[in-house]
Amino acid sequence: MEFLYTALPYRVTFGAGSSRTAVAGELEALGLRRVMLIAAEAESALADELSAPWRDRVAVRFSGVRPHVPDAVAEEARRVAAEHDVDGLVSIGGGSTTGTAKIVALTTGLPIIAIPTTYAGSEMTPVWGLTTAARKETGVDARVLPRSVVYDDELVATLPDDLAVASALNAMAHCVESFWTPASNPIVRLMAGEGVRALAEGLRGIRGAHRDAARERLVYGSFLAGMSFAAAGSGLHHKICHALGGAFDLPHAQTHAVVLPHVLAFTAPAAPEVAARLAEALGVDDAVEGLRELGREAGAPRGLRELGLTEAQLEEAVGIVEAKLPIEHPAPVDRAAIEGILRGAFG
């Protein structure tokens with residue numbers, strides 16, 4: 001057995017209520033006195049509440065968060081940070097909010113404290129994304145990795161069920177793809193397998209009587225998913241979803257939720273050991289059908305058409321993904337494979 005595993009330097013606080021008790025200490029530990037608080041308009045009241053104990057350290061707030069971080073948003077966020085001479089960033093929100101903080105950190109090196117309110121997992125990765133002229137570019141840079149992450153399952157209590165399901169399946173995609181990227185290794189697969197197990201348990205209970213316990217499992221699963229993805233990197237699934245999101249402004253989490261079963265169905269015959277491990281973690285006999293059934297039971301979106309993709313855009317989407325070839329994957333990937341996955345996911 002030979003592999004390389006690099007542990008990333010972050011500090012994680014996990015527990016119900018921690019977003020209200022731990023952040024001031026994290027600011028103090030990092031020596032931050034003038035932070036930019038990043039939170040979308042929809043999270044404004046929550047940001048007010050959580051920042052109350054350390055309001056004197058907030059130099060400015062930025063609310064212009066947009067999915068996929070358009071370059072205009074990146075430029076404005078960087079300008080605001082520079083004008084107010086901030087020494088750090090605090091993000092309160094989902095993946096788009098964390099992504100906005102990252103794109104500021106990419107050029108400034110400012111440290112990030114991330115307080116996630118969805119199951120996005122971006123807070124655990126050194127991956128950044130930026131959309132320019134309807135094309136999403138991603139990269140890896142240690143400067144964008146949050147220095148501190150505060151996980152509080154109370155913050156996901158108000159997520160609408162449909163968004164919670166899509167966000168959790170987005171986290172599931174991080175875990176599943178971590179089994180087969182070129183950088184995958186036994187340690188990553190241990191984390192990813194436990195992440196799949198926790199996310200499946202949470203998704204099965206998300207609409208039931210034990211919703212609090214289900215949310216905790218989902219937050220734990222998303223934490224493991226982010227760690228797995230950070231170590232394993234992206235592959236075919238993420239390249240497809242990033243292309244769709246950047247070109248057609250499709251919702252990020254929902255796109256992952258729709259595409260994942262089709263990528264798994266394409267991959268499973270070429271990676272039977274992975275499929276078997278995923279089936280075991282999901283608690284089913286067949287990984288592909290088990291994942292599909294989990295999505296149906298949880299009420300996941302059914303196809304890209306439902307998310308707003310048109311038939312005319314489908315051929316363009318195939319071409320955008322094809323331009324990313326070659327893509328290393330257990331099964332050979334060519335234009336026909338990409339078209340098969342996307343047509344299957346179209347619905």
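Every read-out reported here was derived from the displayed coordinates using simple, explicitly stated rules and does not represent laboratory data. This structure is a prediction, so every number in the text was calculated from the model and none was measured. Neighbour counts run over all protein chains shown; Cβ positions are idealised from the backbone, glycine included.
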PRE zone check, label point 7 Å out along Cα-to-Cβ of ALA336, amide N under 17 Å, scope region 252-276, hits 266-267, 269-270
Using just the alpha carbons, could you tell me how many Å³ per residue the convex hull of region 11-156 encloses?
-> 92
Points 7 angstrom from Cα along the Cβ direction at ALA134 and ALA7: gap in nanometres?
-> 4.7
Once all Cα-Cα distances of region 208-257 are split into 5 Å bins that start at 0, what whole-number percent is in each one?
-> 5, 17, 17, 20, 18, 12, 8, 2
Where nothing but the Cβ of Lys and Arg (+1) and of Asp and Glu (-1) is charged, how large is the charge dipole of the chain around its Cα centre, in debye to the nearest 20?
-> 360
Quick one: which residues, 5 or more positions from PHE62 or on another chain, have an amide H under 5 Å from its amide H? H modelled 1.01 Å from N in the peptide plane, none for Pro or chain starts.
-> LEU37, ILE38, ALA39
Mind checking the angle between helix 311-322 and the chain's longest principal axis? C-alpha axes, 0 to 90 degrees, to the nearest 10.
-> 80
Cα-projected label distance for GLU315 with GLU289, points at 7 Å along beta-carbon direction, nm = 3.6
Exposure proxy order (Cβ contacts within 10 Å, fewest to most) of TYR220, TYR119, TYR5, TYR151 | TYR5, TYR220, TYR151, TYR119
Ignoring the sites themselves, what is the longest stretch of the chain with no trypsin sites (Lys or Arg not before Pro) in a DSSP loop and at most 16 other beta-carbon atoms within 10 Å?
-> 35-206
Per residue, the convex hull enclosing the Cα atoms of region 176-295 spans a volume in Å³ of 102
Estimate the FRET efficiency between GLU280 and GLU49 by the formula 1/(1 + (r/R0)^6), using the beta-carbon distance for r and 35 Å for R0, to the nearest 0.05.
-> 0.25
Summing -39500 (n - 2.57) over every DSSP H run of at least 4 residues in the chain and dividing by its residue count gives a helix-only mean residue ellipticity at 222 nm, to the nearest 500 deg cm²/dmol, of -17000 deg cm²/dmol
Treating the angle as unsigned and between 0 and 90°, give the value, to the nearest 10°, between the Cα long axis of helix 272-282 and the longest Cα principal axis of the chain.
-> 60
Normalised by the residues of the chain, what does the relative contact order come to in percent, with Cα pairs under 8 Å and at least six apart?
-> 15
When the chain is treated as a Gaussian network with springs between alpha carbons less than 10 Å apart, the largest mean-square fluctuation among GLY15, GLY235, GLY88 is found at GLY15
Degrees separating the helix 211-232 axis from the principal Cα axis of the chain, which is the longest one = 80
Using only the Cα atoms of the chain, each taken as one equal point scatterer with no solvent, compute I(q) by the Debye sum, divide by I(0), and report log10 of the ratio at q = 0.09, 0.11, 0.12 Å⁻¹.
-> -0.45, -0.68, -0.81
List the lysines whose alpha-carbon lies under 23 Å from that of LYS324, not counting same-chain residues fewer than 8 positions away?
-> LYS136, LYS239
